[in-house]
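S.K.: This is the structure I want to talk about, given as structure tokens.
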Amino acid sequence: MKLVSILAFFVSFFFIKGGTLSTGYKIVFILLFVSMCLFWITMIFVSLLKKYYFILFSFFAGNAVSVLAGYYFLHFPVTIFKETPLFWMLFSYCIGIFLNFFMTSMYVLKVFHGKRGTQFEFLIYLKGYFSLVAIGLIYILGVWAHVFMNWLMGDSYVIAGTFIISPLYEVAVFYSYCTAIPSIIYFTVFLETKFLPLYKKYYEKICITGTYREIEEAMEIMKQTLLREILYCMELQFLISLTCILLSNVVFTYFDMDFRLLEMFKITVFASFCAIFVSIIITLFLYFDLRLHSIVLSLTLLFSSAVFTYIFGRAGEGFAGTGFFFSAFLTFALAIFMFPEIFKTLNYTTMFRQNFNRKIGGAFLEKVSWWMDKKIYILLILLVMFIVGGKAHAAYDKRGFNPVTGNNWHTMSPYDKEGYDIDGYTKEGVNKRGFNRSRWNEFTNSLYDYGGFDFNEIHKDTGLNYDERGFDVRHYNLLTDSPQDRNGFNYEGIHKETGREYDLEGWNYYGLHEATQDYYNPQGWNREGINRRNFNREGIHVETKEKYDHGGFDIYGIHRETGKNYNERGFDFNYYNVLTETMYDKYGFDYEGIHRETGREYDLEGWNYYGLHEITQDYYNPQGWNREGINTKGFDRNGYNIYTKSKYDYAGFDLKGIHKNTKKKYDERGFDNNQYNVQTKSRYDKYGFDYEGIHKDTKRPYDKNGWNYYGLNEKTQTYYNSQGYTREGLDRYGYKKGQRPANFNDGEYDKEGFNKKGIYMKGY
């Protein structure tokens, strides 16, 4: 058992080492393989003791523990280890198999006490009985050769960088071998109950006391019994296989199984039929020590299985299993031919062809046995693990895909249970959202899915990775960092508290009220507490951020300028003109400025509701009249000035531009009604003052000498400066400086300003 443990360890270690499974997965795999190998050996010893009930009990106990452990780990996972559920199922199964091994090994140790000595002494017998090792190895390779070849030729792939599988073919072969279980059971029972007594009796006669006639009679009885029972077993298995094939269509259809699996199953059932009876006949050959016959059948099965599987594998997937059938049938036919012939020479073979002088053992094998007894293998195991041990990698992602192979452990194929590969695409090249590899959505026939997201998960309206409500493509709200939006609704519109499409206040996720089926409740407020005019409950307009809306109305409809329920044009907040009691003002314009007759922003005469003319874009038309018929001077068409309430404007000009004092088109200073000086032909009078009295040089009401346009001095506020001279340089008697006569008598001035000589007081 130690040798089996060592070999099983090295085989499993090197097999699993290069894979992409986790370290824990690899350890459990090695333990399971070693336990299964050891359990197989101990079960053989227990079966030799004919303790079949104990074997059945150990199987039941081990499987029960596996099921219970699997149930526990799946419902109460160990979070400290980041492993997949498959790992815990494998671990549970490993516990059950180890329990099987422990129970059977304890029973074997209880029965076989044996003397203590060298534990590897059996190795020396390999030289004498190496053919038995060869027969077993070749037969096992022959049984599996068609599977190996199918891995190379058929529909197969690698899992976790280690396991090569062909799911459909291997499942079909497994099902077909299961149909042969009745024959195996019958042969085992027959072997133990009917054949062995006759077998012992025959060799008892030939080796101890039997005469030639007794030997012949014992052989004939054994022969007839074997032929009869084997033929019966074949008939029984043929009926079972045929029944399974006939019922396969119904069974496979009921369980919705793959059609290709059904076709493989039908051909492999007959292949398994032949293969099972080949193994039975090889077993009987070994009972008679006919190792040559056994190795011939094993080699035939091996080479024919490889060759036929290769030939039919080249023909295509539709011929899967055909190679296995032809190889098994050919070997079965050879076995049927050979089996009756062995009895013709059985006595001779038994008595005269035995090599009783065969040398057992050898120097090399004895040294190997000695070194193994010295526990050198332990150091070898540690050395190998140290040298070739490597770093493990994660086996599968959360979807069950192997990142290296791209295969899914749930389905044992490149696609998961939903039919998507590791990149998220179906066989047709479409992902769950409907996008193909060219980023075109085949569901909507556009660049966007039903939610408005493109291939890169960017929403077409927001330009972000979430929509107007904040939900991303996976229906998770990024604004609230939860499955619900800020109002408590999920992507489907179900409220988290009510469990229905309306919240506690009757709003749905669109903002519609249950009672009104509108965005406003019966009280006129929406979900955010805003009324139809965009005022909140505090009376603040949400857009203007003040007490008035864009039209100047408060929450109560009062206009800030007029203090009434209408504006300067007479419109209230509902766009109704209370002055005209229509939807139009006195000029025929509605609130938006559209005229009722023209249907545009200008009326028939070209005026808009502001009073601007379409041509001039001014308040006056090309003729100089505004909409009310008033020109820029304030005159109506009848010559009446609306400002002065007379026929003259404030400057003294009438509609025609005639001055009331001068009776001409200019006033006393020479300015016309356009403030143009006709005397100087400029905007300034002879003194440099404009109509408003601003001097062109100083830009103030006084010139550089301090005179205004009236002739008043800035300092004296009279017509004379501080020297007594006017703006023209004359004294009060009308003389310029230095020109007054010496004998000039002031005299008296009359009320008109003239003296006795008729001289004016200003000198002229």
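S.K.: Does Tyr425 fit the bill of being of a type outside the set (Val, Ile, Thr), out of contact with any Asp or Glu (no Cβ under 9 Å at 6 or more places or on another chain), surrounded by 16 or more Cβ atoms within 10 Å (Cβ to Cβ) and without any contact (Cβ under 8 Å) to a residue 40 or more places away in the chain?
M.R.: On the way: of a type outside the set (Val, Ile, Thr): yes; out of contact with any Asp or Glu (no Cβ under 9 Å at 6 or more places or on another chain): yes; surrounded by 16 or more Cβ atoms within 10 Å (Cβ to Cβ): yes; without any contact (Cβ under 8 Å) to a residue 40 or more places away in the chain: yes.
It is true that Tyr425 is of a type outside the set (Val, Ile, Thr), out of contact with any Asp or Glu (no Cβ under 9 Å at 6 or more places or on another chain), surrounded by 16 or more Cβ atoms within 10 Å (Cβ to Cβ) and without any contact (Cβ under 8 Å) to a residue 40 or more places away in the chain.
S.K.: Got a sec? Which of Pro701, Pro622 is over 30 Å from Gly588 (Cβ atoms), surrounded by fewer than 17 Cβ atoms within 10 Å (Cβ to Cβ) and not aromatic (Phe, Trp, Tyr)?
M.R.: Pro701
S.K.: Go through the stretch 204-228 and give me each residue that's buried (at least 17 other Cβ atoms within 10 Å of the Cβ), in a helix (DSSP H, G or I) and not aliphatic (A, V, I, L, M).
M.R.: Lys205, Lys223
S.K.: Output the qualifying pairs, or none if there are none: Cβ atoms under 8 angstrom, residues six or more apart or on different chains, first residue in the stretch 445-463 and β-branched (Val, Ile, Thr), second residue surrounded by 14 or more Cβ atoms within 10 Å (Cβ to Cβ) and outside any loop (DSSP other than H, G, I, E, B).
M.R.: Going by the 8 Å Cβ cut-off, there are no qualifying pairs.
S.K.: Can you give me the number of residues within the stretch 221-257 that are in contact with a Phe, Trp or Tyr (Cβ under 8 Å, 6 or more places away or on another chain) and among the acidic types (Asp, Glu)?
M.R.: 1
S.K.: Can you tell me which residue is farthest from Ser446 (Cα to Cα) among those in the stretch 461-495 that are surrounded by 14 or more Cβ atoms within 10 Å (Cβ to Cβ) and of a type in the set (D, E, K, R)?
M.R.: The residue in question is Asp485.
S.K.: Hey, another quick one. Residues in the stretch 591-606: is at least one surrounded by 13 or more Cβ atoms within 10 Å (Cβ to Cβ), assigned to a loop (DSSP other than H, G, I, E, B), touching a Pro at 6+ places or on another chain (Cβ under 8 Å) and without any contact (Cβ under 8 Å) to a residue 24 or more places away in the chain?
M.R.: Scanning the stretch 591-606, I find no residue that is surrounded by 13 or more Cβ atoms within 10 Å (Cβ to Cβ), assigned to a loop (DSSP other than H, G, I, E, B), touching a Pro at 6+ places or on another chain (Cβ under 8 Å) and without any contact (Cβ under 8 Å) to a residue 24 or more places away in the chain, so the answer is no.
S.K.: Scan Tyr643, Tyr610 and give me the residue that is within 26 Å of Lys564 (Cβ to Cβ) and either in a loop (DSSP other than H, G, I, E, B) or touching a Ser or Thr at 6+ places or on another chain (Cβ under 6 Å) (or both).
M.R.: Answer to the selection: Tyr610.
S.K.: Against the condition part of a loop (DSSP other than H, G, I, E, B), out of contact with any strand residue (DSSP E or B) (no Cβ under 9 Å at 6 or more places or on another chain) and farther than 23 Å from Tyr491 by Cα, how does Asn565 come out, does it pass?
M.R.: So Asn565 does not fit the description; no.
S.K.: For Gly657, state whether it is under 30 Å from Tyr687 (Cβ atoms), part of a loop (DSSP other than H, G, I, E, B), without any contact (Cβ under 8 Å) to a residue 24 or more places away in the chain and among the small types (Gly, Ala, Ser).
M.R.: Answer is yes for this residue.
S.K.: Could you please tell me which pairs satisfy a Cβ distance under 6 Å, a separation of 6+ or placement on different chains, a first residue in the stretch 556-575 that is surrounded by 14 or more Cβ atoms within 10 Å (Cβ to Cβ), and a second residue that is among the hydrophobic types (A, V, I, L, M, F, W, C) and outside any loop (DSSP other than H, G, I, E, B)?
M.R.: So the pair list comes out as His559/Phe553; Phe573/Phe553.
S.K.: What number of residues in the stretch 260-273 are surrounded by fewer than 22 Cβ atoms within 10 Å (Cβ to Cβ) and touching a residue at least 40 places away in the same chain (Cβ under 8 Å)?
M.R.: Number of matching residues: 5.
Each value in this text was obtained by applying a stated rule to the coordinates, not by laboratory testing. Fair warning: this is a prediction, and the values are worked out from it, not measured in the lab. Neighbour counts run over all protein chains shown; Cβ positions are idealised from the backbone, glycine included.
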